[in-house]
Amino acid sequence: MKKTILNVEHLNKVFKSGDKTMVILHEVSFAIEEGSACAIVGPSGSGKTTLIAICAGLERPTQGAVLLNGTAMHSATEEELSRVRNHFVGFVFQSFQLLPSLTALENVMVPAEIRGQNHARSRAQDLLRQVGLGARTHHYPIQLSGGEQQRVAIARAFMNRPRILFADEPTGNLDTETAREIVRLIFQLNAETGTTLILVTHDRELTQQANRVISLKGGRVLSDTRKEIGIPHVANA
Ligand SMILES: Nc1ncnc2c1ncn2[C@@H]1O[C@H](COP(=O)(O)OP(=O)(O)OP(=O)(O)O)[C@@H](O)[C@H]1O
Ligand SMILES: [Mg+2]
């Protein structure tokens, strides 16, 4: 039995606007084994981004528990959260969130330098080479295509050798060829480093390569399929 790296228990997220309350996540529970690749799928607005933001410690749940590598993220202090994020977590945002005033190399390198990581420049250069951007390190985001910016964001997410990578539609808005390249890259990094992957995606190819597919609808887990077993486990039906 492999170690569980992420444990989500009875997660609820409610947003209040005025006197209206919106239930965004409802009693979401699952456990993810270390080294596995999990796709999170579901229609727009079903709560995918909110879910992984809470799992990665970028947002707080209203109720429920998130244990990431043993840390109780739901009750951790801001200091603990940033320590866990800096040491264990990589995050690729739906919008790439590159800093426009920094070059590709600086975008990958600077957050690591701020964390006090050694050899940030040479590691950033290596990663940019791995994502096929060795010749683009001194370009600014505005000088890069969407797919290239996405690859810079992926290189940045791998800087701290994360134990777990959360990626929000890493192949969204990319052409088939570039999307395939990004998928290959993410799974290669997963195979080489044992990084657990949590991928929000609409990409069928990406979903096929995952060994776990969690499907959300209206903030609930609609289905949770483990491919090793091959039998869908239907939750909250
Ligand atoms: N800060 C917020 N305040 C109020 N409502 C929010 C907030 N963030 C998200 N929501 C709402 O929560 C719901 C789920 O949003 P979320 O971004 O998690 O969906 P998603 O599944 O990632 O959708 P998409 O596929 O379009 O990215 C949406 O209805 C959204 O409007
Ligand atoms: Mg989203």
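The values are calculated or read from the model by the stated rules, or taken from the named source; none is laboratory data. These figures come from a predicted structure and were not determined experimentally. Note that each Cβ is placed from the backbone with ideal geometry, even for glycine, and that neighbours are counted across all protein chains shown. Side chains are part of the model used for accessible areas, which takes the heavy atoms of the whole protein and leaves out ligands, DNA and RNA. Shrake-Rupley method; radii C 1.70, N 1.55, O 1.52, S 1.80 Å.
A few comments on the model shown:
- Matching residues, segment 48-66, being over 22 Å from Arg115 (Cα atoms), more than 16 Å from ligand 2 (Cβ to nearest atom) and open to solvent by less than 60 Å² (accessible area, probe 1.4 Å): Pro61, Gly64, Ala65, Val66
- A search for C-beta distances below 6 Å between a residue of segment 129-140 that is over 19 Å from Glu181 (Cα atoms) and any residue that is buried (at least 18 other Cβ atoms within 10 Å of the Cβ) and of a type outside the set (Phe, Trp, Tyr), counting only pairs 6+ apart in sequence or on different chains, returns His138/Thr103; His139/Ala104; Tyr140/Thr103.
- Residue under evaluation Gly57, criteria (1) on the phi > 0 side of the Ramachandran plot; (2) out of contact with any helix residue (DSSP H, G or I) (no Cβ under 6 Å at 6 or more places or on another chain); (3) not in a strand (DSSP E or B), criterion not met: (2)
- So Asn86, is it in contact (Cβ under 8 Å) with a residue 60 or more places away in the chain, closer than 26 Å to Gly194 by Cα and in a helix (DSSP H, G or I): yes
- Qualifying residue in segment 202-212 (condition: within 22 Å of Thr50 (Cα to Cα) and hydrophobic (A, V, I, L, M, F, W, C)): yes
- Scope segment 113-139; condition open to solvent by 50 Å² or more (accessible area, probe 1.4 Å) and part of a helix (DSSP H, G or I); matching residues: Glu113, Ile114, Arg121, Ser122, Gln125, Asp126, Arg129, Gln130
- The listed residue being more than 15 Å from Gln97 (Cα to Cα), of a type in the set (Lys, Arg) and buried (at least 18 other Cβ atoms within 10 Å of the Cβ), out of Arg163, Arg184, Arg151, Arg180: Arg163
- Checking each residue in segment 150-184 for being assigned to a helix (DSSP H, G or I), more than 24 Å from Gly42 (Cβ to Cβ) and of a type in the set (A, V, I, L, M) picks out Val152, Ala155.
- Condition met for Thr103 (more than 16 Å from ligand 2 (Cβ to nearest atom), open to solvent by 70 Å² or more (accessible area, probe 1.4 Å) and not hydrophobic (A, V, I, L, M, F, W, C)): no
- Breaking point among (1) closer than 25 Å to Arg115 by Cβ; (2) within 16 Å of ligand 2 (Cβ to nearest atom); (3) part of a loop (DSSP other than H, G, I, E, B), for Gly45: (1)
- Among residues of segment 188-207 being modelled with pLDDT of 90 or more and closer than 22 Å to Lys2 by Cα, the one that is surrounded by the fewest Cβ atoms within 10 Å (Cβ to Cβ) is Gly194.
- Here Lys13, Lys20 are screened, and the one residue that is within 13 Å of ligand 1 (Cβ to nearest atom), crowded, with 18+ Cβ neighbours inside 10 Å and of a type in the set (D, E, K, R) is Lys13.
- Sole residue being more than 27 Å from Gly45 (Cα to Cα) and either modelled with pLDDT under 95 or surrounded by fewer than 20 Cβ atoms within 10 Å (Cβ to Cβ) (or both), chosen from Gly146, Gly218, Gly230: Gly230
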